Structure formats: C-alpha cells, structure tokens
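A short write-up of the structure that comes next.
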Amino acid sequence: MISYKDVCKSYGQTAAVVGLNLEVKEGEFFGLLGPNGAGKTTIMRMTAALTPVSSGVITVNGEQLHRDLVKVKQKIGVVPQYSNLEGELTAWENLEYHGRLYGIPRAARRRRIDELLEFAELTERQNDPARLFSGGMQRKLMIAKTLMHDPQILLLDEPTVGLDASVRRRIWDLLRQIKARGLTIFLTTHYLDEAQILCERVGLIDAGRLVLADAPQNIISGVGQYVLEYFSDGHTSQEFFADKESAIAAARNVQGDFKVREANLEDAFISLTNRDLGGNDEV
Amino acid sequence: MRFSAIIWKEWMVFKSRIVSTTLAAIIGPLLYLVAFGWGIGSAVMVDGISYTAFVIPGIVALNSMTTSYNWVANDINLSRIYAKTFEAVMVAPIKMSTYSSARILTSALRGVYSAVLIILIAFAFQVWLPIDWYFLLVLVLNCLVFAVIGFIIGLLVDSHADMAKISNFVIVPMSFLCGTFFPLEKFPGFLRVFFELLPLTQAVKGMRDGFAAEGSLIVILVLGIYMLVLTPIAIKLCQRSE
C-alpha cells in the first residue's frame, strides 16, 4: 500500500503538488491522470524517492520513505517515462546488471532473466544491444528489468507515451499479467482511454491538487452517463445527462451539428477541471 | 555485491567499446611521441637526458589524467542529463558511497589501462621507463585523483555543453602547465609555487624522477591529500543527488 499524508512539493515559489492525501491499496491498479504539468511525474518521483517531499509523509507498505530508503527501494520497481536502459549492454546484460544491483543470487538471477525475456518477448533479441531496440521493445525491456527483483509495487510513469497503437495494447497486456500476479500498480498517464481500460481506480490531478479519486465508472456516472456535444460560438460545448433519452431531448434545441454518445473519462475530466489534457483552460 | 555490480557493468561497457577506447587512448600520445620524440627528441636534451625520455613520463601522466577524468565526468553527466541511467541507480537499493567508489575506481582503472598502452608504445620507441612500485603508486594515485575530480564535475555541471568549457579551463591548462612538456623551472617563482601544488605536476615529477629523487614522498603526500579531501566531497554530492 502507498499512503500520502498532506504531501506538498514546491520548487521555489512554484507549488507542484499541494496537500496530497491518497491511499493506493495493496494489489490495486491505480492511475493518476492529469494534463502535462499537473504534478503527476513529481508525485511519481517522490514515491520513487527521486525527489524529496517539501512536507508531508509518504509510506510504502508501512515503511516511511526516506527513513529506511534502501529497504523501501527493494520493494519498489520504477519504470520511468524515458528509457533508462544501458544502451551499450545487451537485453540479457541489462537484466543481469539490474539483478546484481538488487543483490539477487546468481542462480535465481539467471532463472529470472530467462523468464522475463520470454515474458517481454525478447528471448530472440537477448544478445542485441538495447540501443538498437525500437521504442516498444525498449519499454518492454524496461518493464522486464523492473520486475527482476520481484517488487511489491510497480510505478510506471506514462508507460505507453510515444508508442503506436498495437504496441500500446501489448504493453497493456503485459501490465494486466503483472497485475494478475498480485502487484500493486501505480501509473501516471494522460491517455484517459488507457486509464479507463486498465485501472480499478483513478485519481484526477489538476494544478498539483487531487480533484478526486474513484473508480472510472463512478467518476463518469458522477457527471452523467451520456453527453450531448455540439459546436457553437466557435467552440465545442458539452452537456451531461443521466440517460440517453434526456440527452436526445435536449439535442432538439441545438442548432447545427451535435452528437449524443456515452460519456467517458476524458469528458468527466474536462467537466471536473474545466481543462483539457493539453492543459488548456476553458474548454 | 552492489559494488561488484557497478564494476561488472563498467567492464561490460569497456569490453563492448574496447577497440574505440584503445584507439582513442593511444592516438594523441602517439602523435606527441612522433612529434616530440622523432621530431625534436633526438636533437634536444633536457636536464641531461634526451627530450623523448623527458617527455614520456609526462605523457603517461597526462594521458592517464585525461582518460580517468573524461570517462567518468562525461558518463556521469550524460547519464544524469540525457541517458537517465543515473536515475536507475538512484532508485536501486545501493548506497551512494558504494556507487561513487565503484565509479571512481573503474574510471581510474581506465586511466591505468591507457597508461599501460603508452608505456608499451614508449618501449616500441625504445624508451625504457623506470617502472617500479613507486611509479605504479604515483600512476594509480594520479588516476584516482582525476577520476574523483571528473566524478564531481560530472555531478555538478548541468549541461553537457558546459562540460567542454570546464575541460578547456581546467584540464587543458593543466596539461601544458604542470611540467609535462618542459621543466617548471622555466616559470617565474610565484607561478611555479602555484603549479607545484597541482596534482598533475606531482604525478609528472613522481613518474619522471622516481622514488630516489628528492621530494618523492611529497608527491605521494600531495596526491594523497587531494584524494582524502575530494573523495568525501564526491560521495556527499552523490548522496545529495539521491
């Protein structure tokens, strides 16, 4: 379990995270959503002990972060947004290096490397330098590397950013398999479809503040199951309704093009924050 | 085990680049030897010996300095700013003192490797260096001191473009002003005192003059003081990055 109590982070006068109170339950798949610059990566970096908190407390499975850093780090696996692979080393060597860094005994290390290369579909390419891999292969190797030391919690920062649709879906499959092993998964993303498909619970963050945290379906229901979308006065407007019939009835008053459809997490996010995921105000 | 993990990784990287590393380590010194050895070495005498015999210990010290410094400085800087591999170590359960020591040691070993290459080339030029325990001790200390300096610079500088500037202001002047190519006696007194305190000057003196010469223990003392002062700073800076 990851617990945040009154966590704040400031860079000089700029507040990046303000009064974060949140609990990510054991075995849960939790997604932190928000536009660029909302504070997602800062929260991820604080959880991975890469950035100190300005105030407040983060605990990981009961251990207070920074009090016993080495012990806590053993429990966490971190997959950052950008490749942190040793480009000169082969896929096999990258896993071996990670295993050595985490003090895994030789026999267990070798067994785990074979398993994880197969899991990441990289057995055939195990002797190629990581710098020659495509973005998707690098991301899969990063995930495999992070699983080497059998962490209890997996932190993923924008795990599918920059990947094409088919690779994204393959990464989702891998994450689902990892979840099935009982790991707690905490990811940040600005792809709301990704969060809606993968996460049991999501937290919406905007300008460093957690707006709410709940199951995706509950968040969508909270704003309305159906959305009437229409274009007027130079911008797209949305109205939410509890049922389809009410939305269609309201659409009769709309002049010009309109669309009635099921609401999704992105609609809910825009409705709750009045911003789109590019960080633009007044949507 | 964590210490050996870093050593292992550095060894694998070294192995994967052994040809380019070796060529890069020998090309500069080889040109120095051709120019100063064949070019003017036979015609000029310094302190009663041929210029070639005079300049080769300086080239060994100079080359081991730049290799030890450059490898760790650039690698730490690039891994922090671009490759992000430094973060992979930051999230691992490894003490920063262990990481720092392993990185400094491996970079110093690269310096020793480049020195061995120069010594072999010198043999090919039929210049026999007085290699004994004292020469090797000075060589290792020189490599360690500049690996520590490189480690600190790599951690402190926040742009790779600035790394070249630091090198131009620190390493390049030291290369020419520490008695590598000509005796320090040519400098005015106040400058000589300053240059005498620089680590490369001491390393050149130690390798050139040997244990029997006057001031041989001062060489060890000065290099040792640099190590004792700079190593805790390097570790502290690395812990601050955590």
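Within the range A:231-268, the set of residues being assigned to a strand (DSSP E or B) and more than 26 Å from residue A:199 (Cα to Cα) comprises A:231, A:232, A:235, A:236, A:237, A:258, A:259.
Listed here are the residues, each with its yes/no results for (1) of a type in the set (Val, Ile, Thr); (2) part of a helix (DSSP H, G or I); (3) over 26 Å from residue B:236 (Cα atoms).
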position: B:131; (1), (2), (3): yes, no, yes
position: B:143; (1), (2), (3): no, yes, no
position: B:149; (1), (2), (3): yes, yes, no
position: B:161; (1), (2), (3): no, yes, no
position: B:176; (1), (2), (3): no, yes, yes
position: B:181; (1), (2), (3): no, no, yes
position: B:194; (1), (2), (3): no, yes, yes
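Answer with yes or no whether residue B:51 is within 11 Å of chain A (Cβ to nearest Cβ) and either touching a residue at least 12 places away in the same chain (Cβ under 8 Å) or open to solvent by less than 30 Å² (accessible area, probe 1.4 Å) (or both). The answer is no for residue B:51.
Scanning the range A:47-105 for residues being modelled with pLDDT of 90 or more, over 26 Å from residue A:160 (Cα atoms), open to solvent by 30 Å² or more (accessible area, probe 1.4 Å) and facing another protein chain (nearest Cβ under 7 Å) gives a total of 1. Among all residues of the range B:87-103, there is at least one that is away from chain A (no Cβ under 14 Å), part of a helix (DSSP H, G or I) and either open to solvent by less than 10 Å² (accessible area, probe 1.4 Å) or in contact (Cβ under 8 Å) with a residue 60 or more places away in the chain (or both). So how many residues does the range A:248-270 have that are open to solvent by less than 70 Å² (accessible area, probe 1.4 Å), closer than 26 Å to residue A:205 by Cβ and at pLDDT 85 or above? Residues flagged as open to solvent by less than 70 Å² (accessible area, probe 1.4 Å), closer than 26 Å to residue A:205 by Cβ and at pLDDT 85 or above within the range A:248-270 amount to 6. Give me the pairs: first residue in the range B:190-211 and under 10 Å from residue B:57 (Cα atoms), second residue among the polar types (S, T, N, Q), beta-carbon distance under 7 Å, and six or more apart or on different chains, which are they? From the range B:190-211, the pairs are B:203/B:142; B:204/B:180; B:206/B:216; B:209/B:216. The residue of the range B:1-19 that is most open to solvent (accessible area, probe 1.4 Å), among those that are within 11 Å of another protein chain (Cβ to nearest Cβ) and under 15 Å from residue B:117 (Cβ atoms), is B:17.
Determine if the range A:31-39 includes at least one residue that is touching a Cys at 6+ places or on another chain (Cβ under 7 Å), within 26 Å of residue A:144 (Cα to Cα) and open to solvent by less than 10 Å² (accessible area, probe 1.4 Å). Among the residues of the range A:31-39, at least one is touching a Cys at 6+ places or on another chain (Cβ under 7 Å), within 26 Å of residue A:144 (Cα to Cα) and open to solvent by less than 10 Å² (accessible area, probe 1.4 Å), which makes the answer yes.
Counting only strands (runs of 3 or more DSSP E) wholly contained in the range A:121-230, no element carries 3 or more residues that are of a type in the set (Gly, Ala, Ser) and open to solvent by less than 60 Å² (accessible area, probe 1.4 Å). If the condition is being more than 16 Å from residue B:142 (Cα to Cα) and open to solvent by 40 Å² or more (accessible area, probe 1.4 Å), then the range B:104-123 contributes B:120, B:123.
The values are calculated or read from the model by the stated rules, or taken from the named source; none is laboratory data. A quick note: this is a predicted structure, and the numbers were derived from the prediction, not measured. Positions of Cβ are generated from backbone atoms using ideal geometry, with glycine treated the same way; all protein chains shown enter the neighbour counts. To get the accessible areas, we keep the full protein, side chains included, count just its heavy atoms, and leave off ligands, DNA and RNA. Shrake-Rupley method; radii C 1.70, N 1.55, O 1.52, S 1.80 Å.
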